[in-house]
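Here's the structure, in structure tokens; my notes come after.
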Amino acid sequence: MSEFIGELKRTNKAGELRATDIGAEVVLMGWVGALRNHGGCLFVDVRDRTGFSQVRFDPAISGPEELLLAEKLRLEDVVGVRGKVVSRGANVNPRIPTGEVEVEGIRLVRYSAAQTPPFRIAEETDAQETLRLKHRYLDLRRPPLQRNLILRSRVNQLTREYLAGEGFLELETPILGKSTPEGARDYLVPSRVQPGQFFALPQSPQLYKQLFMVAGFDRYFQICRCFRDEDLRADRQPEFTQIDVELSFADQEEVFAVMEGLVCRIWHEIKGIDLPRPFPRLTHAAALARYGSDKPDLRFGLEFVDLTAALGQSEFKAFTAAAESGGLILGIRVPGAAEKISRKAQDGLNELAKSYGAKGVIPVKVGGEGALQSGIDKFLTDAQRQALRVALGLQPGDLALIVADTPAVAREALNRVRLQLGESLGLVDRSQDRFLWVTDFPLFEWSAEEQRWTSAHHPFTSPHPADLDRVQDDPGSVRSYAYDLVLNGMELGSGSIRIHDSELQARIFSLLGISPEEARYRFGYFVEALTYGTPPHAGMALGMDRLTMILTGAASIRDVIAFPKTTRAGCLMSDAPSPVPDAQLAELGIALRRREQPD
């Protein structure tokens with residue numbers, strides 16, 4: 001390396017200099033972040049990932065060659081500087097860590113000249129995201145993204161330190177595996193050696209990490225890459241990273257203890273916060289009943305109240321129709337909001353509820369004397385009005401919001417209304433992070449399209465022990481031994497107790513419509529492994545990208561991934577995916593067929 005950097009050898013990082021370094025001779029290397037010419041003295045900010053220091057080139061100190069070169073510098077040139085650390089005197093800048101000192105430039109070397117960047121490399125930028133993604137290597141020079149990736153690296157280190165201390169082994173699983181079409185679409189990789197055959201990139205290391213348990217490695221972890229060919233959102237990418245763990249001879253309580261310990265260690269080291277343990281828990285059924293969501297945000301209230309019994313016999317047709325068809329009438333009380341939420345805002349909530357399938361949301365104001373003011377008041381009896389007051393605990397000045405529909409629609413629509421109110425009324429307590437375990441998810445879901453039962457989690461999730469006797473006769477009532485870790489209304493990770501008995505696994509496959517032949521074809525190696533003595537085991541995966549997004553406060557998951565994809569699953573920087581030469585396709589035995597475009 002010395003032949004490239006000449007006689008200079010870096011002694012300090014640009015963001016490290018402090019008043020204690022005054023008098024020291026230092027060598028800084030980095031990028032030119034700012035240039036200023038003040039009456040013959042040239043000031044250059046030298047920046048690296050730790051921050052920046054101001055370098056002053058003064059005719060009284062610096063040589064003529066250094067002054068001439070300093071005048072020619074441009075933003076983002078790569079330079080090396082040797083000089084003496086001095087005090088800024090009366091020109092101290094308290095807003096930056098290095099603001100007490102500057103470097104008197106004695107020697108200056110320009111290693112690389114830079115073209116004018118397409119956008120400003122600074123803390124804030126108004127450049128569009130598409131432009132920044134196209135030049136991602138430049139965007140990554142910006143301090144916010146550098147801080148995000150530095151924090152992500154620290155989370156990786158903490159995860160490894162903690163899990164190693166808990167007796168986990170960091171073991172790798174294959175990237176090229178077998179396609180097992182459950183859940184999202186696989187990314188397929190053609191085999192040149194075996195024409196017509198394909199590998200699949202892992203959607204998760206699920207089967208392999210269970211095989212580690214079969215093999216006797218009783219505590220496994222991996223910070224692993226996963227791939228899913230699915231529609232994207234701001235918090236979803238086609239390739240993502242998860243903290244993956246698996247434990248043998250462990251029950252749900254041990255999994256919770258390990259994962260809570262990891263999260264608490266990260267929060268303590270990164271945010272300086274000691275989280276209270278144990279984390280609260282809700283069953284899936286209770287979460288839906290109280291919040292209409294299996295990932296509720298606990299940073300504010302507005303819990304649901306079931307009003308079906310109180311209002312189901314009223315003369316209001318929407319209520320009676322919902323009650324008679326097995327639907328729900330759900331309401332929330334918004335304390336003191338009768339006059340806070342304008343008619344326009346109420347209309348907005350009504351449209352929001354409609355966008356999620358409901359017929360609308362019904363507002364009920366409580367007047368100063370406790371009288372109910374609503375468009376449905378004429379359909380209610382005095383007894384029903386009183387039942388409504390009691391059920392919701394209504395007080396003068398309150399606002400009630402009611403939705404009536406099928407259970408799924410009513411819950412989802414009112415959940416969205418609740419979340420909107422939490423934001424618009426400033427109810428969300430952002431001073432704390434609220435974790436929650438959600439347990440006892442349904443084991444199966446009925447697919448109307450396929451007319452069969454499907455796995456709500458995956459087919460290797462164990463039924464709840466109390467529900468084993470109903471697996472065949474009443475699958476819809478069977479709870480799984482699955483659990484999610486929720487943080488501030490977002491799913492942070494999920495896991496389950498696994499099936500370790502080969503006969504039970506065969507029963508589950510059969511119920512899912514997977515024949516023994518198909519099971520052997522799709523999961524043969526795994527099914528066979530279960531017959532050779534498999535310990536009870538459990539596991540979980542935390543989403544590293546989402547975890548880092550929450551820790552940094554980033555608006556998008558793309559801001560915590562070095563080289564992310566767009567919502568069309570493409571990379572603007574490298575133009576991937578891209579066509580490949582016909583000769584390369586021929587070598588793989590692949591011929592392309594023109595896809596018919598829809599009208």
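The values are calculated or read from the model by the stated rules, or taken from the named source; none is laboratory data. Treat the numbers as computed from the prediction; the structure is a model and nothing was measured. Reconstructed Cβ throughout: ideal geometry from the backbone, glycine too, with neighbour counts over all protein chains shown. Each accessible area value is taken on the protein alone, full model and side chains, heavy atoms only, with ligands, DNA and RNA left out. Shrake-Rupley method; radii C 1.70, N 1.55, O 1.52, S 1.80 Å.
Here are a few things to note about the model shown:
- GluC sites (Glu not before Pro) restricted to region 90-168 and DSSP loop, no more than 13 other C-beta within 10 Å: GLU123, GLU124
- Residue by residue, region 110-125 carries 3J(HN,Hα) couplings of 9, 7, 7, 8, 10, 6, 5, x, x, 8, 6, 8, 8, 4, 10, 9 Hz when phi is fed to the Karplus relation 6.51 cos²θ - 1.76 cosθ + 1.60 (θ = phi - 60°); x denotes Gly or Pro.
- Charging the Cβ of each Asp and Glu at -1 and of each Lys and Arg at +1, and nothing else, the dipole of the chain about its Cα centre rounds to 1560 debye.
- Heavy-atom accessible surface of region 1-121: percent carbon and sulfur, 1.4 Å: 52
- Filter on LYS13/LYS84; LYS317/LYS378; LYS9/LYS84; LYS178/LYS209; LYS13/LYS134; LYS295/LYS565 - keep pairs with C-alpha separation over 18 Å: LYS13/LYS134; LYS295/LYS565
- Overall form of region 251-381 per C-alpha gyration tensor (a/c, 1.5; a/b vs b/c): prolate
- Amide hydrogen neighbours beyond the local backbone of ILE329, cut-off 5 Å, H modeled: LEU307, THR308
- Spatial offset of region 36-109 relative to region 458-526 amounts to 64 Å, using the alpha carbon center of each.
- From phi via Karplus (6.51, -1.76, 1.60), per-residue ³J(HN,Hα) for region 400-414 in Hz, x at Gly/Pro: 10, 10, 10, 10, 10, 5, 4, x, 5, 5, 4, 5, 5, 5, 6
- In this label model, ALA576 and ALA60 are separated by 5.5 nm, measuring between points 7 Å along each Cα→Cβ vector.
- Farthest toward the positive end of the dipole of region 59-157, out of PRO94, GLN146, TYR111, is the Cα of GLN146, where the dipole comes from beta carbon charges about the Cα centre.
- Region 300-446, relative contact order in percent, only Cα pairs under 8 angstrom and at least six apart counted: 31
- Rg followed by Dmax, in Å, when region 79-197 is reduced to its Cα trace: 24.1, 74
- Residues in the chain average 51 Å² of solvent-accessible surface per residue, probe 1.4 Å, ligands and nucleic acids excluded.
- For region 368-440, the dipole from Cβ point charges (+1 on Lys and Arg, -1 on Asp and Glu) about the Cα centre works out to 40 debye, to the nearest 20.
- Annotation: region 174-299 has a Kirkwood hydrodynamic radius of 17.8 angstrom, from the mean reciprocal C-alpha pair distance.
- Rounded to the nearest 500, the 222 nm mean residue ellipticity of the chain from helices alone is -9000 deg cm²/dmol, with -39,500 (n - 2.57) taken per DSSP H run of at least 4 residues.
- Shape category assigned to the chain from the gyration tensor of Cα positions, a/c cut at 1.5: oblate
- Count Lys and Arg as plus one, Asp and Glu as minus one, and take only other residues whose Cβ is under 15 Å from that of TYR532; the net charge is then -3.
- FRET E, pair GLN373, ALA408, Förster distance 25 Å, beta-carbon r, rounded to 0.05: 0.25
- On the principal axes of its alpha-carbon atoms, region 533-599 has extents of 47, 45, 30 Å, going from largest to smallest.
- Once the Cα-Cα distance is subtracted from the 0.36 nm per residue extended length, the TYR137 to ARG120 segment shows a gain of 4.8 nm.
- At q = 0.11, 0.16, 0.23 Å⁻¹ the log10 of I(q)/I(0) for region 338-461 amounts to -0.56, -0.95, -1.36, computed by Debye summation with a single uniform scatterer per C-alpha, solvent ignored.
- Were the residues from ARG236 through GLU503 laid out at 0.36 nm apart, the gain over their Cα-Cα distance would be 92.5 nm.
- Of all DSSP-defined beta bridges confined to the chain, some 95% are antiparallel rather than parallel.
- Convex hull per residue volume in Å³, alpha carbons only, for region 391-460: 177
- Amide N of region 211-232 lying under 15 Å from the label point, which is placed 7 angstrom from the Cα of PHE249 along Cα→Cβ: 213-220
- If you plug the beta carbon distance of LYS9 and THR567 into 1/(1 + (r/R0)^6) with R0 = 45 Å, you get a FRET efficiency near 0.50.
- Partner lysines whose Cα lies under 19 Å from the Cα of LYS344, excluding those fewer than 8 positions away in the same chain, are identified as LYS354, LYS359, LYS365.
- Surface composition of region 336-381: carbon and sulfur atoms hold 52% of the protein heavy-atom accessible area at a 1.4 Å probe.
- Loop-located GluC sites (Glu not before Pro) in region 37-73 (DSSP state other than H, G, I, E, B) with a sparse environment of at most 11 neighbouring Cβ atoms within 10 Å are absent.
- Counted charge near PHE198, where neighbours are those whose Cβ lies closer than 10 Å (Asp, Glu -1; Lys, Arg +1): 0
- Sparsely packed loop sites in region 509-599 (the trypsin sites (Lys or Arg not before Pro) outside DSSP H, G, I, E and B with at most 15 other Cβ atoms within 10 Å) comprise ARG568, ARG593, ARG594, ARG595.
- About the Cα centre, charge dipole magnitude for region 455-565 (Lys/Arg +1, Asp/Glu -1 at Cβ), debye: 380
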